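Novice: Have a look at this one before I ask anything.
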Amino acid sequence: MTATDARGADTAALDNLIATESEAFLRRQPKGGEHVRRAGRVLAGGATSNWQIAEPQPVWLSHGTGSKLYDVDGNEYSDFHGGYGVSIAGHGHPAIVEAVSDRVRRGTHFAQPTPDAIVVAENLTERFGLPQWRFANSGTEATMDAVHLMRAATGRDRIIKVEGCYHGHHDSVQVSVLPDLDEAGPADRPASVPANTGIPRAITDLVSVVGFNDLAAVERVLVERPGEVAGMILEPVMMNAGIIHPEPGYLAGLRDLLHRHGALLAYDEVKTGLTTGPGGITALFGVTPDLVCLAKAMGGGLSTAAIGGTSELMDMVADGRYEQVGTFNGNPLAMAAARATLTEVLTPASYSHLERLRQAMASGIENVVAEHGLPWHVVTAGAKGCICFRAEPVRNYRDFLTIDDRYGHAHWLVQHNGGVFLPPWGKVEQWLISVQHTDADVDRFVTNVARLADRLTSPGHP
Ligand SMILES: Cc1ncc(COP(=O)(O)O)c(C=O)c1O
């Protein structure tokens with residue numbers, strides 16, 4: 001007798017598939033294995049970030065071109081990882097190559113602004129509707145500035161954060177990112193769970209955690225802690241728990257509630273900004289917050305970030321009431337790449353192309369899922385998307401926790417061995433389609449989903 005779980009698949013087949021695909025993965029990448037062993041002597045964990053440590057081993061890459069990536073063993077992949085949501089331009093996009101090559105010959109760092117910074121800020125103002133911007137170097141820095149600014153402007157210390165949202169690795173937001181159910185507390189009053197070691201308890205205690213799509217929870221915190229809450233930070237579409245969309249009225253309701261209580265609203269659009277549409281979720285939903293944080297896709301592959309805000313808040317930066325600083329802020333090389341990305345790559349024609357491929361991905365996978373009678377569904381947001389390995393929609397982190405991690409991992413392995421590179425965090429992450437992707441990349445992805453579905457529903461299938 002085989003064990004069949006609530007999702008309809010044979011769980012022994014799932015474990016078996018993970019084991020055989022892991023073996024194939026290692027067989028395909030012998031040089032990768034050598035790199036892992038050599039790196040392990042000098043790089044902690046054999047990689048340059050803990051997020052690069054995949055099972056069964058970190059993937060060592062050689063180069064990328066267009067929509068493709070190549071590992072050190074010469075295997076080709078359609079790149080749907082996109083460097084965790086960065087590479088919307090694809091690799092070696094001519095506009096970015098030209099902008100960066102030109103800049104690199106004329107000096108790459110001065111710690112003074114260059115004219116490209118004005119073009120980038122003007123473009124972001126047009127897209128996101130916020131009047132003033134500053135730059136930083138990573139999503140972490142942008143959300144750190146947002147939290148500092150909300151505290152500085154209100155003179156209050158407490159922030160509200162959504163359970164399951166990730167905002168980078170600074171202390172204030174390393175709370176309840178991926179908590180286990182047994183530590184997360186009741187769903188309507190989630191506990192504040194440190195998301196890493198090294199975070200002072202005093203800082204974690206200043207974070208009130210709420211469920212996504214739960215306006216009542218936000219209101220309760222504001223009422224129970226009058227005059228304490230500086231503001232709330234959230235991913236307006238959650239993208240570190242698969243993809244979870246806000247329910248109608250949620251974002252507008254948040255803004256009204258917070259403002260009524262003298263608190264501010266910050267969107268972390270580090271993942272959603274520019275990938276979900278020209279002006280991110282801010283423009284799509286028409287609910288402009290007090291602050292927007294951007295990073296990832298805006299830099300065309302170079303590390304840069306931005307924070308946009310209302311005149312009231314950004315005046316505090318301008319006159320030094322809040323010191324927004326950084327040696328590399330507005331770095332000329334990063335600004336040249338961002339300028340090219342915003343003005344030459346992410347054009348209306350590119351967004352039409354991304355939308356056509358989004359539809360092809362969604363319908364191709366939905367057909368496979370229906371043909372195999374699997375209780376899965378597809379969630380997309382512009383160039384981003386994922387398979388949700390359960391039938392019912394997911395409206396918050398607690399729903400997301402019900403998904404068996406093994407499906408995401410099995411999917412990752414099957415895609416990898418089938419020539420598609422995805423982020424190695426299974427159900428947590430999404431695909432990213434770049435402007436250089438084609439129907440052939442989509443077909444490769446969908447074919448691999450069919451192979452996964454075959455293997456799970458008829459375990460003898462090769
Ligand atoms: C929504 C969100 N915010 C912030 C960050 C942090 O960005 P970075 O890794 O550039 O510091 C991430 C990273 O994945 C993210 O997904």
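Computed from the coordinates by the stated procedures, all read-outs in this text should not be read as laboratory data. Here the structure is a predicted model, which means the values were calculated and not measured. No Cβ is skipped: glycine too gets one built from the backbone with ideal geometry, and neighbour counts run over all protein chains shown.
Novice: Using the Karplus curve 6.51 cos²θ - 1.76 cosθ + 1.60 with θ = phi - 60°, work out ³J(HN,Hα) for each residue of the range 302-309 in order, rounded to whole Hz, and write x for Gly and Pro.
Specialist: 9, 7, 7, 8, 9, 10, x, x
Novice: Taking every pair of alpha-carbon atoms in the chain, give the share separated by more than 39 Å as a whole percent.
Specialist: The answer is 21 percent, as a whole percent.
Novice: Per residue of the range 178-188, what does 6.51 cos²θ - 1.76 cosθ + 1.60 with θ = phi - 60° give for ³J(HN,Hα)? Whole Hz please, x for Gly and Pro, Karplus curve as stated.
Specialist: After applying 6.51 cos²θ - 1.76 cosθ + 1.60, I find 9, x, 6, 4, 6, 10, 7, x, x, 4, 8 Hz.
Novice: In debye, nearest 20, what is the charge dipole magnitude of the range 367-416 about its Cα centre with +1 on Lys and Arg Cβ and -1 on Asp and Glu Cβ, if you could check?
Specialist: 160 debye
Novice: Moving on. Counting Lys and Arg as +1 and Asp and Glu as -1, each charge on the Cβ, what is the dipole of the chain about the Cα centre in debye, to the nearest 20?
Specialist: My answer is approximately 700 debye.
Novice: Turning to a different aspect of this structure: Return a whole-number percent for the relative contact order of the chain, with Cα pairs under 8 Å and 6 or more residues apart as the contact set.
Specialist: After rounding, I find 23 percent.
Novice: If amide hydrogens are placed 1.01 Å from N in the peptide plane, which non-local residues have theirs closer than 5 Å to the one on Phe212?
Specialist: Glu163, Tyr397
Novice: Rounded to the nearest 500, what is the 222 nm mean residue ellipticity of the chain from helices alone, with -39500 (n - 2.57) per DSSP H run of 4+ residues and division by all residues?
Specialist: Helices in the chain give a 222 nm mean residue ellipticity of -12500 deg cm²/dmol.
Novice: I would also like to ask the following. Remind me, relative contact order of the range 1-129 in percent, using alpha carbon pairs under 8 angstrom and six or more residues apart?
Specialist: Reported as a whole number, the value is 13 percent.
Novice: What number does the range 264-345 give for Rg over Rh if you use C-alpha atoms and the Kirkwood radius?
Specialist: 0.98
Novice: Using only the alpha-carbon atoms of the range 1-142 as identical scatterers, what base-10 log of I(q)/I(0) does the Debye formula give at q = 0.11, 0.16, 0.17, 0.18 Å⁻¹?
Specialist: The computed values of log10 I(q)/I(0) come out as -0.70, -1.10, -1.16, -1.21.
Novice: Please count, across the chain, the pairs of lysine residues with Cα atoms under 24 Å apart that sit 8 or more places apart or on different chains.
Specialist: 15
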